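Remarks on the structure that follows.
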Amino acid sequence: HPAFAKLFVQTEFEPNLGALLATRRPRSPEEPVFWAAHTAILEGIQLESGNQENTGLEPQSGLEFETDRARFIGRNQSLKNPSAILAGLPLSGTVGAVLDPIFSLRRTFRLPAGATARVSFATMVAPSRQAALELADRYNDPDAFERGLTLAWTRAQVQLHHLGISPDEAHTFQQLATQLLYQSPEMQASSVVLARNTLGQSGLWRHGISGDLPMLLLRMSDLSDLEMVRQILRAHEYWRSKCLAVDVVILNQQPTSYMQELQEAIEHLLRSTSPKTETQSRGGVFALRADLLSSAEQDLLQSTARAVLLGQQGTLTEQVNRSRTVRPVLPIKPIISRSNQAALPSPNRPDLEFFNGLGGFGHQGLEYQIVLGAQQFTPAPWINVIANEKIGFTVSESGSGYTWAQNSRENKLTPWSNDPVTDPIAEIIYIRDEETLALFTATPMPIRETSPYTICHGQGYSHFSHATHGLQLELSQFVALTDPVKISRLSIENRSNRSRKLSITAYLEWVLGARATGHVLTEQDPQTKAIFCKNHWSEENSQNIAFTDLMVQWQRGQDAAFTCDRLEFIGQYGSLESPVALQGKTKLSGKVGAGLDPCAAMQSSLELAAGAKIEVVFLLGQSQSVAEAQALIGFYRHADMHQILEQVKHHWQQSLTSLQVQTPNRALDIMLNRWLPYQTLSSRILARTGFYQAGGAYGFRDQLQDTMAMASIKPELAKQQILLAASRQFLEGDVQHWWHPPSGRGVRTRISDDLIWLPYAISHYLEISGDTAVLDEPITFIEGALLLPDQEDAYFTPSISALSAT
């Protein structure tokens, strides 16, 4: 967990060496300790004539440092426009337990005309603080760079000689490694093969292949291909020496015969090739026969491989070189730094309770409203967790967040991030003026303007309001009451005195699983013209259909231009602040299929008369079949979105008002009567996620504690969780510490305090409800392998026992 791990890193500055140091506090005495150091050495300024100029610089003069990432980048900024650079102020010199650590050293000096200066940065790792300081001292020398470069070159030559690899061959292996690490379509199987695959990761397991590592596939059918095998084995050894873990699969496609000469030759070659380097790097070599595999398994191998090589199609170097197509880099409009924009006066202070300069409670405490003027940012993402039992999403004050269905960790529809500094966004609705090509959004990200934004988080919905370019934008986001559909409803009012030609582009990036895998298949549904998406690699969700649809008030999604290629939309080296596809008037290509960097971008054009108002709706959801997806799209294309939102508000009003308290403390009343039960129900019980962690699982103790807090408001929830927790008990008396729905896969541990919470929750529930009948409910046990004596935990799917008890 990156955010958790970073909490335990501490930094310091060593002034005598001008070095930054960092170490992580160990969690146990057995955990190894590492220290990192970072230096920046300024060499004397060299005139072009070759004469050394005495600059008078002391060794550490002009040196600044920073180890706090939030201070360096700045909220809602990025490394394209970090605050530490744009503000022109000295680095803060912050060290210690900075929570989000970095190394940043800055050298400042004056460079005369015709002069040359060099700065050498060195980063090093050592097993102790003293060893790190010794390394920093060694590299605190202007000659260290040239010395290090010479030693590195010498070591590389010795290593290549030891492995029997020529420099040109090593260069080819490096290029091939690029294809394996940064998945691209150049060396993948064809889109036809990728679309044809119907198997998931588990289809590899019977062959001993995990599917967790990058895979290289060599398809061969002739003894003359053995030289390619030898070269691939050298490449695998070379990668292992660099600690790069790769699985190599050699697929023998020679027709079946009594004599298996090729297979025997391959296996003899593998047996006779022994590793020449000692490394703990994972990754193996697997020799498989095509005649013993089904066609579906062969499709799976080709779909999994990030690079596919073919015997009889040229040498390894020739095949790698053929794949190196140069993509045109389109010109990208420069991003205007927010610090260079003219600052506007802050918006008037709204009439809110407990207003803190950025936000406060409105509508009698029912909403939390945030007002952001020019150069105003919340100190951290302020999010709303919105969910029903089938789907949900998080949304921050900037408009970022992610969407999931069924399980907030195992079945993410769009990317999740817990970066509180940059807070990246992956679901956006763009509005573009077709006459000026000005681009803007209703949310503060990804396009931040100086005019103010108002953000309202309510129970079951969030709302954004922004006036720009003569238009009033109102965006509401919520989920349907019971259906697996997220609704983004954008209202555009033309407050200018002329007719406006606009285009609306809804964009999102696909995940469809616990993490992005490159196995997502997109298509346009011929019946509805909506975008459908599925991912066979995600075992439990392989049959699900994710869908998106863009509806302009009178068009209902029938004429939207679209693309599912993220590269086409953003552009090489582009950004979501200024995507290439929206910089000109080129129509989106309609590209769909497999092997893409998957997204969904749907675009409609409209003309809005002066004073007129229009509604645009963007749907995102997931169903268990194509027919269900088509039915949901058909229903919501003709539904009254205002009425659906009112139903959502009424549902939460009914759910949260059965218990009300009145105390002398108004702040306490607001939290107890609305926000705490809402957060408990929406985030902890329905969603089981938040900004910091996308959990997805039920915790045995966690959700029992949560439902105890709801027992006076929704006692049926407490009963439901008691029965669910009771069903996760092993026959031996211990329990699953947590488990993922719907599979029940989870972790068996030695944690003992889980056991107190079921009787404690039952006692609490009985005291409030008097429902003693719950004690007589028959519940089955679960069964699974016992933990070994030296085992702390085990993650597996238990079986349902035939035994039950009340």
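The values are calculated or read from the model by the stated rules, or taken from the named source; none is laboratory data. Being a predicted model, the structure only gives us computed values, none of them experimental. In this analysis, Cβ positions are derived from the backbone assuming ideal geometry, glycine residues included, and neighbour counts consider all displayed protein chains. Side chains included, ligands, DNA and RNA excluded: accessible areas come from the protein's heavy atoms. Shrake-Rupley method; radii C 1.70, N 1.55, O 1.52, S 1.80 Å.
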- Only one of 748, 701 that is buried (at least 19 other Cβ atoms within 10 Å of the Cβ), part of a strand (DSSP E or B) and of a type outside the set (A, V, I, L, M, F, W, C): 748
- Does residue 804 count as closer than 18 Å to residue 703 by Cβ, open to solvent by 50 Å² or more (accessible area, probe 1.4 Å), hydroxyl-bearing (Ser, Thr, Tyr) and out of contact with any Cys (no Cβ under 9 Å at 6 or more places or on another chain)? no
- Count, please, the residues in the stretch 650-689 that happen to be under 23 Å from residue 482 (Cβ atoms) and under 33 Å from the mean Cα position of the chain (by Cα). 18
- Residue list for the stretch 632-644, restricted to those being open to solvent by less than 80 Å² (accessible area, probe 1.4 Å) and in contact (Cβ under 8 Å) with a residue 12 or more places away in the chain: 632, 633, 634, 636, 637, 641, 644
- Message: All but one of (1) out of contact with any Gly (no Cβ under 8 Å at 6 or more places or on another chain); (2) under 26 Å from residue 544 (Cα atoms); (3) surrounded by 21 or more Cβ atoms within 10 Å (Cβ to Cβ) hold for residue 482; state the number of the condition that does not hold.
- Response: (3)
- Item | Pick from the stretch 121-179, criterion of a type in the set (Val, Ile, Thr) and in a helix (DSSP H, G or I), ranking: farthest from residue 230 (Cα to Cα) | 150
- Determine whether residue 346 is surrounded by fewer than 18 Cβ atoms within 10 Å (Cβ to Cβ), of a type in the set (Ser, Thr, Tyr), at pLDDT below 60 and part of a loop (DSSP other than H, G, I, E, B). yes
- Message: As an exercise: evaluate residue 616 against (1) crowded, with 20+ Cβ neighbours inside 10 Å; (2) within 26 Å of the chain's Cα centre (by Cα); (3) at pLDDT 95 or above and give the number of the one condition it does not meet.
- Response: (2)
- Note on the structure: Quick count over the stretch 651-671, residues being surrounded by 15 or more Cβ atoms within 10 Å (Cβ to Cβ) and at pLDDT below 95, is 2
- Task: Could you please find all residues in the stretch 711-742 being touching a residue at least 60 places away in the same chain (Cβ under 8 Å), open to solvent by 40 Å² or more (accessible area, probe 1.4 Å) and in contact with a Ser or Thr (Cβ under 9 Å, 6 or more places away or on another chain)?
- Result: 731
- Tell me, yes or no, whether the stretch 488-503 has at least one residue that is touching an Asp or Glu at 6+ places or on another chain (Cβ under 7 Å) and either free of Cβ contacts under 8 Å to residues at least 60 places away in the same chain or crowded, with 24+ Cβ neighbours inside 10 Å (or both). no
- Query: For the stretch 691-701, which residues satisfy the criterion of being at pLDDT below 95 and of a type outside the set (S, T, N, Q)?
  - Reply: 691, 692, 694, 695
- Task: Kindly indicate whether residue 472 is modelled with pLDDT of 95 or more, buried (at least 21 other Cβ atoms within 10 Å of the Cβ) and either within 26 Å of the chain's Cα centre (by Cα) or on the phi < 0 side of the Ramachandran plot (or both).
- Result: no
- Message: So if I check each of 133, 111, 105, which one is surrounded by fewer than 15 Cβ atoms within 10 Å (Cβ to Cβ) and either in contact (Cβ under 8 Å) with a residue 24 or more places away in the chain or within 10 Å of residue 39 (Cβ to Cβ) (or both)?
- Response: 111
- Check whether at least one residue in the stretch 451-466 is open to solvent by 10 Å² or more (accessible area, probe 1.4 Å), of a type in the set (Val, Ile, Thr) and either at pLDDT below 95 or part of a strand (DSSP E or B) (or both), and report yes or no. yes
- When you go through 578, 589 one by one, which is the residue that is closer than 20 Å to residue 424 by Cα and over 20 Å from the mean Cα position of the chain (by Cα)? 578
- Query: Does the stretch 590-607 contain any residue that is closer than 29 Å to residue 302 by Cβ, free of Cβ contacts under 8 Å to residues at least 12 places away in the same chain and open to solvent by 40 Å² or more (accessible area, probe 1.4 Å)?
  - Reply: no
- Message: Looking only at residues that are among the charged types (D, E, K, R) and not in a strand (DSSP E or B) in the stretch 490-542, which one is modelled with the lowest pLDDT?
- Response: 539
- Note on the stretch 760-777: residues open to solvent by 70 Å² or more (accessible area, probe 1.4 Å) and within 25 Å of residue 737 (Cβ to Cβ) are 760, 775
- Counting only residues in the stretch 226-240 that are more than 28 Å from residue 201 (Cβ to Cβ) and either of a type in the set (Ser, Thr, Tyr) or over 40 Å from the mean Cα position of the chain (by Cα) (or both), the one surrounded by the fewest Cβ atoms within 10 Å (Cβ to Cβ) is identified as 227
- Message: I need the strands (runs of 3 or more DSSP E) fully contained in the stretch 759-806, keeping only those with at least 2 residues that are at pLDDT 95 or above and over 39 Å from the mean Cα position of the chain (by Cα).
- Response: 799-805
- Just wondering, is there one or more residues in the stretch 563-577 that are in contact with a strand residue (DSSP E or B) (Cβ under 7 Å, 6 or more places away or on another chain), assigned to a loop (DSSP other than H, G, I, E, B) and not aliphatic (A, V, I, L, M)? no
- Task: Give the residue, chosen from 647, 572, 622, 583, that is modelled with pLDDT of 95 or more, farther than 23 Å from residue 529 by Cβ and open to solvent by 10 Å² or more (accessible area, probe 1.4 Å).
- Result: 647
